1. Relative to the Cα centre, what is the charge dipole magnitude of the chain, using +1 at the beta carbon of each Lys and Arg, -1 at the beta carbon of each Asp and Glu, and rounding to the nearest 20 debye?
2. Within segment 619-694, which trypsin sites (Lys or Arg not before Pro) sit in a loop by DSSP and count at most 16 neighbouring Cβ atoms inside 10 Å?
3. Antiparallel as a % of all DSSP beta bridges within the chain, to the nearest 5?
4. Any idea what the dipole of segment 480-632 comes to, in debye rounded to 20, about its Cα centre with Lys/Arg Cβ at +1 and Asp/Glu Cβ at -1?
5. Any chance you could run the full-extension gain for residue 162 through residue 90? It's 0.36 nm times the residue separation minus the Cα-Cα distance, nm to one decimal.
6. Rounded to the nearest angstrom and ordered from largest down, what semi-axes does the equivalent ellipsoid of segment 37-163 get from its C-alpha gyration tensor (root of 5λ)?
7. Between segment 653-703 and segment 276-342, what's the alpha-carbon centroid distance in Å?
8. What lysines does residue 590 reach when the alpha-carbon gap must be under 21 Å and sequence neighbours fewer than 8 apart in one chain are set aside?
Amino acid sequence: MTANDSQGFTSSNTSIPSNIPVCPVRGSVIYPSMVQHIDAARSLSIEAIEAAMNSDKVILIVSQRDKDVDDPTGEDLFDVGTACNVLRVRKNPDGTVQMLVSALERVRVTQYSKGEYIRADVEPIRVRASKSAEVKALSRELNEKFEEIISNGKHLTSDAVQSIQSKEDPGEVADFIAFHLDFRLEDKQAVLEETTLAGRLKRVLTLLDAEAEVMGLQQKIRAQVKEEIDRNQREYYLREQMKVIQKELSGAEDGDVDEVDEFRQKIEALNLLPDVKKEIDREVNRLSRMHPDAAEASVIRSYLTWVTELPWNIRSDDQLDVSEAARVLDEDHYGLEKVKDRVLEYLAVRQLRGARAERGELDPGEANKGPILVFTGPPGVGKTSIAQSIAKSLGRKYVRIALGGARDESDIRGHRRTYIGAMPGRLIQGLRTAGTKNPVILLDEIDKLGSSHQGDPSSALLEVLDPAQNQHFTDHYLGVPFDLSEVLFIATANYPEQIPAALYDRMEVIDFSSYIEQEKLEIAKRYLLPRQLNQNGLKNNQIQITDAALERLISNYTREAGVRNLEREIGTVARKVARRLASGEAKRVKVTDKELERYLGQSRYTPETEAREDTVGLATGMFYTPVGGDILFVETSVSPGKGLVLTGQLGDVMKESARAALTYIKANAERFHIDKDLIDNSEIHVHFPAGAIPKEGPSAGGAIATSMISALTGIPARHDVAMTGEITLTGRYLPIGGLKEKVLGARRAGIKHIIMPKINEADLRDIPAHLRASMQFHPAEHLDEVLDVAIVGGLHTLEQREDDSAPATVEVARKPSRRKSASA
């Protein structure tokens with residue numbers, strides 16, 4: 001709620017009710033005989049205005065003690081306000097209300113009450129008028145002091161000054177002066193609450209005296225500042241005259257170069273485009289005409305320093321030897337074949353483009369353009385480190401820009417030079433650090449960009465990551481275009497779905513999958529173990545960690561997609577061994593898988609293992625998470641009752657898969673020789689063990705259907721078979737994701753047979769050949785094909801079994817495992 005000044009003042013003889021609506025205002029006090037515009041945006045103020053309009057059109061305008069309170073109560077308001085007559089109300093399109101009020105008289109609040117709006121019990125404050133000599137003297141002094149303040153430069157509108165000077169009543173003069181001058185809210189309220197005319201005049205006069213004293217100090221400070229500026233100006237002219245005199249007397253020394261001339265020389269050496277050079281020369285000319293100590297001169301000097309230190313035409317020569325680049329990448333990273341292939345492809349294309357450019361068949365700028373890549377995958381799989389290796393293999397500078405949590409557009413585009421402390425964006429800063437215009441720039445954690453009232457940095461990146469636009473990228477601080485087309489941009493992200501679609505479309509996506517255990521073992525032996533030995537002061541002949549120990553450490557002490565925790569655990573072992581060596585307990589330590597608990601304690605993770613025997617109602621499914629895959633069991637029990645019961649902290653999609661499986665079974669009950677009365681009059685309880693772990697996804701449909709049919713028919717499901725696939729009401733077996741991770745988890749659990757959707761056969765190429773050879777895969781297009789493998793005896797046993805075969809219940813006792821949230 002705000003109060004706006006008005007052009008005129010009036011009074012009214014309207015009677016004031018004893019209980020009236022209250023309209024709180026913030027930072028303002030209204031005095032009797034004024035006419036004011038009041039803007040209302042809060043609901044309690046708008047309700048109060050409507051209540052006043054529906055009754056006597058009288059409302060109480062009272063100030064809040066704290067203007068930051070948005071929903072005030074009676075305790076937040078002063079006890080004295082001004083009763084006003086509402087003259088006019090207008091509703092604005094944005095929902096706010098503007099009313100015109102005529103202030104009637106001071107009132108004191110005896111009690112506040114609050115419902116949808118605030119009401120107050122009030123009683124008028126009768127100001128005792130007086131025509132004594134004291135009042136006349138105070139009135140005359142007040143008018144003279146006001147004239148003095150105005151003549152000394154106090155800024156008030158001409159209408160306000162004329163309105164005050166036209167008043168004859170001393171009380172109104174005091175009120176209007178208090179309203180128009182910048183007094184504190186508490187002082188203005190004190191004037192309103194004063195019940196005697198003489199007291200009110202004295203209070204306003206005291207405030208005017210304080211204002212006059214402050215204005216006197218301001219004038220004194222202003223004079224001192226002007227004197228200092230004049231002195232600096234004289235010193236500048238004297239220094240310039242001394243330079244001229246020195247040149248005339250002894251001539252300028254060879255090394256004595258003026259600052260402006262030095263900037264001009266550097267700019268000429270940059271070989272800039274004409275439009276860019278014209279803009280920068282204009283800034284140099286401005287600097288040459290300025291006083292060196294002027295604030296603007298410092299801003300221009302900083303700007304020219306940035307411009308002259310940028311690599312406008314400096315490039316690093318690419319190392320286009322494909323074989324050498326392949327050697328560097330293989331030396332630094334194990335696996336990641338797709339990423340390495342893409343880098344080598346870029347080098348080959350760059351080599352051919354360069355040859356065409358040398359023959360004049362291709363523009364050099366087009367030959368130097370780089371791709372824009374985005375590496376997506378879980379944490380710790382080598383996205384950031386491979387970017388460093390790419391820069392190393394190309395022979396380029398490497399710049400990393402962390403975008404996680406960036407919420408300001410100026411992080412990308414820089415600040416405009418009108419702001420104090422302005423500087424370029426992080427891209428331009430990175431180029432200055434690199435010293436070349438074609439570095440490898442890593443935009444790390446691009447999926448974690450934020451947005452705020454200061455702009456959206458992801459929108460600013462649209463120009464940066466568009467090869468058709470980034471050759472004219474304009475930083476707000478520079479104000480001139482800079483060519484980014486030769487930069488090799490690489491972005492990283494853990495969750496690509498969080499990248500805005502327009503930004504994601506501009507980048508070439510390379511997906512990093514989780515490392516399999518064999519890859520982790522090789523990485524540990526080649527990179528992690530030597531690095532941790534070096535960091536902990538150990539030599540190769542002092543410690544030996546066997547392959548079996550590393551394999552157990554990987555499977556039983558870490559559960560991750562990458563290798564960060566694996567390196568931490570290796571470091572823990574190395575530190576404990578170092579302590580034993582330092583204490584003289586041993587001279588050489590060999591760490592085996594059996595001794596691992598001595599250094600790391602008990603195993604933290606226990607991978608699932610296959611069931612020991614074929615069991616009725618127990619089927620094996622598969623799941624995967626960002627940290628890898630594993631198997632999960634589906635248990636079904638049939639007991640007297642009705643309905644389908646699902647337990648194990650399942651998501652909505654997984655529950656729908658169970659309902660679809662039950663519907664399919666009902667539709668095919670006669671073919672499977674299942675009594676429909678048994679289904680209708682039994683409670684079918686489907687349970688997924690490890691109930692503390694959330695589970696979601698449609699790919700457990702085949703396992704759910706197999707478990708239900710096994711329980712309803714009494715025929716066991718095979719314990720050495722794991723399956724994954726979504727089912728439909730007609731029994732179709734639909735494709736799923738994460739097949740590689742699921743198969744690796746199943747192999748670790750001892751599973752030898754995998755049932756999967758036939759459409760996913762192409763994904764088998766991602767599984768290492770030695771694992772494919774050790775397992776048997778059964779592609780399926782229909783649930784009948786799944787049952788033919790998963791049920792003991794196959795589909796033939798189901799269709800030919802006796803009708804009176806009794807269903808069985810199953811209770812399987814299993815050791816709980818520690819896993820992350822699973823996606824089936």
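The values are calculated or read from the model by the stated rules, or taken from the named source; none is laboratory data. Values in this document were obtained by computation on a predicted structure and should not be read as measured data. Quick reminder, even Gly has a Cβ in these numbers, built from the backbone with ideal geometry, and neighbours come from all protein chains shown. Accessible surface is based on the protein model in full, side chains and every heavy atom, while ligands, DNA and RNA are left aside. Shrake-Rupley method; radii C 1.70, N 1.55, O 1.52, S 1.80 Å.
1. With only Lys, Arg, Asp and Glu charged at Cβ, the dipole is about 2080 debye.
2. Those that pass, being in a loop and sparsely packed, are 642, 671.
3. Numbers: 60 of 103 bridges.
Around 60 percent of the beta bridges assigned by DSSP in the chain are antiparallel ones.
4. 1460 debye
5. 23.0 nm
6. 33, 20, 15
7. That distance is 62 Å.
8. 520, 525, 539, 576
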